[in-house]
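The values are calculated or read from the model by the stated rules, or taken from the named source; none is laboratory data. If you're wondering where the values come from, they're calculated on a predicted model, not measured in any experiment. Cβ placement follows ideal geometry from the backbone for every residue including glycine, while neighbour counts extend to all protein chains displayed. Heavy atoms of the whole protein, side chains included, go into the accessibility calculation; ligands, DNA and RNA do not. Shrake-Rupley method; radii C 1.70, N 1.55, O 1.52, S 1.80 Å.
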Amino acid sequence: MCGIAALQLRNPRLHPQMGSLLSSMMCQIVDRGPDSAGLAVYDTPGLVSKGTATLSLLGKDQGMPVGDIIAALETLLPLSAATAVRVVGDTTLVSAAVDTGLLVKAVSETLPGSTIIGRGEHVAVMKSVGHPMDIAAEHGLEAMAGSQGLSHTRMATESAVTAGGSHPFSVADDLCLVHNGSFSNHATIRRGLLRDGVVFDSDNDTEVGARYIASRLQQGDDLETALTNLGKVFDGFYTLVVTTADSMAVVRDPIACKPAIIAETADYVAMASEYRALASLPGIESARIFEPEPGKVYTWSL
Amino acid sequence: MTITSLTPGAPAASTARQVEELGLRESATFDRATIADIQRAAATGVYDIRGWGAKRKVPHFDDLLFLGASMSRYPLEGYREKCDTDVVLGDRYASKPLHLQTPVTIAGMSFGALSANAKEALGRGASEVGTSTTTGDGGMTPEERGQSKHLVYQYLPSRYGMNPDDLRKADAIEIVLGQGAKPGGGGMLLGQKITERVAGMRTLPVGIDQRSASRHPDWTGPDDLEIKIGELREITDWKTPIYVKIGASRPYYDTALAVKAGADVVVVDGMQGGTAATQQVFIENVGIPTLAAIPQAVQALQELGLHRKVQLIVSGGIRTGADVAKAMALGADAVAIGTAALIALGDNDPRYAAEYAALGSAAGYYDDFQDGRDPAGITTQDPELSSRLDPVAGGRRLANYLRVLTMEAQTIARACGKSHLHNLEPEDLVALTIEASAMARVPLAGTSWIPGAT
Amino acid sequence: MVTLTAPENLETTLDSFTVDLDGSPVRDLNQALHNAVDGQSWTVESPGGKHSLAVGINTDIGVTINGHAGYYAAGMHQKGDVTITGNAGVGLAENIMSGRVHVKGDASQSAAATGHGGLVVIDGNAGARCGISMKGVDVVVGGNIGHMSAFMAQAGRLVVCGDAGDALGDSIYEARIYVKGTVASLGADCVEKPMEAEHLEELGGLLTAAGRTDKPADFKRYGSARNLYHFSVHNSTSY
């Protein structure tokens with residue numbers, strides 16, 4: 001139903017190659033999910049910058065010329081914020097040197113119909129409907145540098161084939177989650193989160209997982225604890241990859257039907273649905289290659 | 001009810017075939033059972049009192065189907081891939097909640113309504129599979145306490161045999177406001193069953209027709225109930241879980257009020273729930289079906305943010321593991337069985353066909369639990385009849401049946417991709433009829449339509 | 001935590017304890033009383049109308065509540081002796097099994113409800129449903145009692161030195177009622193019965209036990225006509 005490829009580059013010398021490596025990995029998992037795709041890239045020059053909040057908006061056309069968007073945002077944000085808007089492929093990136101929450105508020109007022117698919121200081125998120133490699137090319141993945149990258153190709157199960165339903169789900173600053181599988185009790189967990197005041201963008205089961213983790217992190221869990229708690233609450237089948245500004249985590253359900261394979265070297269950690277996506281990574285022949293154990297949370301930090 | 005011929009001059013009963021050949025037409029309004037009821041009332045001048053629950057057809061679990069996993073959802077394999085069935089009841093305030101191995105519990109049935117052997121058999125069967133059994137309107141017997149690993153002690157309006165020593169021996173206390181067969185009505189036990197032992201336990205004269213109060217003597221309504229629950233917690237040092245049992249009529253409000261009054265567990269009994277003796281007019285015309293009651297009770301718990309924190313036990317017409325799974329998917333944490341447990345013990349067994357006939361009934365129809373002449377030795381205090389039920393063998397039959405219910409529910413949960421029964425959810429269900437769809441609040445099969453909701 | 005105050009009076013033994021509920025929860029009081037041993041004497045100060053005071057006592061101890069109590073004071077009482085110097089709320093000594101509960105003021109409704117044994121003495125008035133569903137308890141009320149008292153009363157004796165309200169003894173089983181004053185009305189199946197020697201003696205004993213000087217001969221006796229013991233077409237207007 002889905003393909004996952006994720007890469008954390010521990011060696012900064014590899015950062016310039018992030019896009020090309022992720023693109024080559026993604027190319028091998030297209031068959032698993034040809035409906036739509038999504039990408040999350042971290043610390044990519046030109047997309048995000050330190051000290052600046054960046055929002056990723058779904059779609060290149062926000063119904064308003066870019067200049068007008070900037071002008072409207074500038075009336076809501078301090079002049080020193082250096083508000084900028086740029087279109088990358090089918091994604092609109094809005095950045096300003098302000099708190100993310102403030103930028104979200106300004107964008108929601110200026111563009112009430114927009115869908116925010118990514119937020120934070122480090123991450124840019126891009127999603128679209130169509131062939132995954134076309135989406136990657138449209139966004140120029142090949143040329144992107146960065147510290148981490150996450151890609152997902154989707155075959156929709158029970159929710160609509162829309163860009164909004166594509167992974168990754170990024171619902172808190174610099175947090176992204178992709179999922180392969182199917183949660184079997186997500187409706188019940190969603191009802192609980194709704195009662196706690198959590199707002200949802202879609203009817204997608206993966207969004208429930210992302211919102212759950214965001215809620216746990218907000219309550220003080222670290223990423224590993226949040227995923228351990230997720231394992232106690234979510235039923236069904238899943239392989240999850242979660243990334244934050246400086247870490248990456250992989251977890252599979254206790255039955256572990258959905259595939260996952262990890263390659264680890266001194267330079268990088270790579271995870272994919274199938275080995276063929278890892279096969280062309282540099283130094284793969286000497287990497288430690290393993291399948292994650294059922295129900296075990298793996299985390300790596302930059 | 002008992003069928004008695006009231007028209008001696010009438011020809012011998014026609015066979016179904018003769019009726020058909022003669023082209024006779026039965027009235028849908030005045031069918032044969034209705035005619036017999038009128039004739040009986042005219043002859044005796046007293047309303048009909050009987051046991052069992054509502055016999056009329058109402059929307060039920062049969063009108064729901066599960067959406068098993070296939071492509072978009074994955075099923076679990078049997079054996080190796082676990083599907084847990086345990087349930088913890090009463091951990092909201094009580095320091096010693098019940099931890100049961102199966103969510104199928106035994107509903108409250110009194111010693112008095114049932115023979116001592118039947119009560120012992122219920123205790124044995126329940127304990128064998130790690131579930132609870134419940135006392136009834138008549139106190140706790142030593143046999144029952146001795147044979148029950150988890151015993152729920154009912155706290156009823158009558159307070160027959162209520163005493164603090166037994167209260168402290170109970171594993172849970174169930175404050176009973178009503179039961180599904182007769183929400184708003186008190187208990188009844190006719191003279192034939194008030195033997196010396198039963199009378200002694202209830203402080204009543206032997207052989208009278210006993211009528212129990214329909215309201216508690218020292219509290220009325222949720223504001224008082226909160227104080228009553230406080231008293232029971234103080235007496236038991238906050239150790240024992242406190243359930244509140246309601247007969248389903250306004251379960252949305254009653255559940256919310258039970259929770260606000262401080263209950264650890266809410267028990268909702270639908271109109272198909274059984275009784276030992278109640279006016280037939282009450283059984284058939286008061287209360288709402290179990291299917292309609294569950295979503296209302298669950299909604300109340302969800303709105304209070306306490307679904308699965310204050311546990312919900314549902315009873316009234318649970319027969320199969322599918323019923324168990326459906327009740328849980330709609331939001332119950334556990335179920336309780338009464339009538340089905342008695343059938344498992346041997347109630348309405350065809351091997352007593354001749355004796356049922358002698359009582360004016362038939363195997364499969366016998367509901368005169370009030371008369372105390374039960375050929376199966378279950379709903380009686382007659383020593384000869386009671387001795388027919390071997391409590392050890394009866395307990396084994398009940399344990400077998402409870403295991404089947406649990407395994408059937410597990411089978412369905414696995415097929416829906418759940419590693420625990422309590423992960424079943426309404427989204428796993430569809431309805432076969434518009435009525436069931438509206439009541440259970442799940443879509444009509446093949447559509448996304450829920451009458452009144454979408 | 002329970003505040004234990006050292007006895008000021010030198011004559012009191014070390015088995016005397018005082019709990020001040022101004023600042024100490026009822027839960028701690030009851031826990032302490034459940035852990036108490038025979039012969040101890042407890043005093044509860046500042047009861048302030050709190051509920052469930054001294055419930056579930058199961059030892060031969062003496063408890064004095066100095067003031068007014070709320071609902072269910074001395075509920076499910078066994079063995080010991082509880083005195084309330086003020087008034088008691090709803091359900092005083094409900095389901096009492098044995099021992100003695102004494103209220104010097106008035107008691108609200110459902111006093112001694114479902115009591116199985118022991119003695120409940122109310123010096124003042126009792127509200128409605130006094131002795132409802134009583135199952136062997138003896139109740140002596142110095143003043144009046146409210147309506148529906150001794151409803152479905154199964155066993156035990158209810159003594160009223162003042163007047164009784166409406167529907168006294170409705171649906172009564174085998175309990176005995178003695179009333180010195182007037183009865184507003186009798187409930188279904190409750191009738192006046194003759195006072196025989198055994199009844200005068202029984203009543204005298206109850207009055208003495210309650211510390212009263214009323215004369216047994218001034219009382220009338222009420223009990224069950226036993227007409228409703230079996231369902232019958234002739235009683236259809238009573239159902």
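Things worth noting here:
- Hits in segment B:416-435 - residues which are more than 11 Å from chain A (Cβ to nearest Cβ) and surrounded by fewer than 24 Cβ atoms within 10 Å (Cβ to Cβ): B:Val430, B:Leu432, B:Thr433, B:Ile434, B:Glu435
- Residue match in segment A:274-290 (condition: part of a strand (DSSP E or B), assigned by TED's automatic domain parsing to the domain that holds A:Ile29 and closer than 17 Å to A:Pro168 by Cβ): no
- Residue among A:Ala72, A:Ala53, A:Ala82, A:Ala40 that alone is more than 25 Å from A:Val242 (Cβ to Cβ), open to solvent by less than 50 Å² (accessible area, probe 1.4 Å) and not polar (S, T, N, Q): A:Ala72
- Of all residues making up segment A:3-24, the number that are within 16 Å of the chain's Cα centre (by Cα) and assigned to a helix (DSSP H, G or I): 4
- The criterion of at least 3 residues that are within 24 Å of C:Asn125 (Cβ to Cβ) is met, among strands (runs of 3 or more DSSP E) falling completely within segment C:147-239, by C:155-160, C:176-179, C:220-224.
- Looking across segment B:439-451 at every residue that is open to solvent by 40 Å² or more (accessible area, probe 1.4 Å) and in contact (Cβ under 8 Å) with a residue 12 or more places away in the chain, the one that is farthest from the other protein chains (Cβ to nearest Cβ) is identified as B:Met439.
- When C:Ser224, C:Ser238, C:Ser232 are checked against the criterion of being open to solvent by 40 Å² or more (accessible area, probe 1.4 Å), within 13 Å of chain B (Cβ to nearest Cβ) and hydroxyl-bearing (Ser, Thr, Tyr), C:Ser238 stands alone in meeting it.
- Residues that are in contact with a Gly (Cβ under 7 Å, 6 or more places away or on another chain) and part of a strand (DSSP E or B), drawn from segment B:312-321: B:Leu312, B:Ser315
- Screening A:Leu194, A:Leu217, A:Leu227 for residues that are surrounded by fewer than 16 Cβ atoms within 10 Å (Cβ to Cβ), hydrophobic (A, V, I, L, M, F, W, C) and either touching a Cys at 6+ places or on another chain (Cβ under 9 Å) or part of a helix (DSSP H, G or I) (or both) leaves exactly one candidate, A:Leu194.
- Pairs where the first residue, in segment B:222-236, is in contact (Cβ under 8 Å) with a residue 60 or more places away in the chain and the second is basic (Lys, Arg), C-beta under 7 Å, 6+ apart: B:Thr236/B:Arg168
- Among the residues examined, B:Asp91 qualifies as closer than 29 Å to B:Leu156 by Cβ and either modelled with pLDDT of 95 or more or outside any loop (DSSP other than H, G, I, E, B) (or both).
- Residues of segment B:285-294 satisfying the condition of being open to solvent by 10 Å² or more (accessible area, probe 1.4 Å) and touching a residue at least 60 places away in the same chain (Cβ under 8 Å): B:Val286, B:Gly287, B:Pro289, B:Ala292
- Within segment B:179-193, tally of residues that are more than 10 Å from chain C (Cβ to nearest Cβ) and in contact with a strand residue (DSSP E or B) (Cβ under 8 Å, 6 or more places away or on another chain): 9
- Any hit, segment B:184-200, residues being among the charged types (D, E, K, R) and either at pLDDT 95 or above or closer than 22 Å to C:Ala113 by Cα (or both): no
- Evaluated against (1) under 30 Å from B:Ser95 (Cα atoms); (2) among the hydrophobic types (A, V, I, L, M, F, W, C); (3) surrounded by fewer than 24 Cβ atoms within 10 Å (Cβ to Cβ), B:Leu190 falls short on exactly one condition, (1).
- Cross-chain or 6+ apart pairs with Cβ under 6 Å, segment B:266-278 first and assigned by TED's automatic domain parsing to the domain that holds B:Ile229, then hydroxyl-bearing (Ser, Thr, Tyr) and open to solvent by 10 Å² or more (accessible area, probe 1.4 Å): B:Gly274/B:Thr339
- The set of residues from segment A:89-99 being touching a strand residue (DSSP E or B) at 6+ places or on another chain (Cβ under 7 Å) and either open to solvent by 10 Å² or more (accessible area, probe 1.4 Å) or farther than 21 Å from A:Leu58 by Cβ (or both) comprises A:Gly89, A:Asp90, A:Ser95, A:Val98, A:Asp99.
- Among (1) in contact with a strand residue (DSSP E or B) (Cβ under 8 Å, 6 or more places away or on another chain); (2) more than 30 Å from B:Glu77 (Cβ to Cβ); (3) not small (Gly, Ala, Ser), the one test that B:Leu359 misses: (1)
Listed here are the residues, each with its yes/no results for (1) within 21 Å of B:Ala327 (Cα to Cα); (2) among the hydroxyl-bearing types (Ser, Thr, Tyr); (3) within 11 Å of another protein chain (Cβ to nearest Cβ).
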| position | (1), (2), (3) |
| --- | --- |
| B:Ile35 | no, no, no |
| B:Thr44 | no, yes, yes |
| B:Tyr47 | no, yes, yes |
| B:Leu65 | yes, no, no |
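- Among the residues listed as A:Leu102, A:Leu177, the single one being touching a strand residue (DSSP E or B) at 6+ places or on another chain (Cβ under 7 Å) and either open to solvent by 20 Å² or more (accessible area, probe 1.4 Å) or in a strand (DSSP E or B) (or both): A:Leu177
- Candidate set from segment B:295-308 (those that are in a helix (DSSP H, G or I) and within 14 Å of chain A (Cβ to nearest Cβ)); member that is most open to solvent (accessible area, probe 1.4 Å): B:Glu303
- Selection count where residues are open to solvent by less than 20 Å² (accessible area, probe 1.4 Å), part of a loop (DSSP other than H, G, I, E, B) and either out of contact with any strand residue (DSSP E or B) (no Cβ under 8 Å at 6 or more places or on another chain) or not β-branched (Val, Ile, Thr) (or both), scope segment C:68-113: 23
- Criterion (surrounded by 24 or more Cβ atoms within 10 Å (Cβ to Cβ) and out of contact with any helix residue (DSSP H, G or I) (no Cβ under 9 Å at 6 or more places or on another chain)) met by exactly one of A:Ala210, A:Ala256, A:Ala245, A:Ala277: A:Ala210
- Condition check for B:Glu174: open to solvent by 20 Å² or more (accessible area, probe 1.4 Å), within 30 Å of C:Ile57 (Cβ to Cβ) and either out of contact with any strand residue (DSSP E or B) (no Cβ under 7 Å at 6 or more places or on another chain) or away from chain C (no Cβ under 14 Å) (or both): no
- B:Ala329 meets each of the listed conditions (1) open to solvent by 10 Å² or more (accessible area, probe 1.4 Å); (2) under 30 Å from B:His99 (Cβ atoms); (3) not acidic (Asp, Glu) apart from (1).
- Test: residue in segment B:224-237 that is outside any helix (DSSP H, G or I), surrounded by fewer than 17 Cβ atoms within 10 Å (Cβ to Cβ) and more than 8 Å from chain C (Cβ to nearest Cβ): no
- Test: residue in segment B:95-109 that is part of a loop (DSSP other than H, G, I, E, B), within 14 Å of chain C (Cβ to nearest Cβ) and modelled with pLDDT of 95 or more: yes
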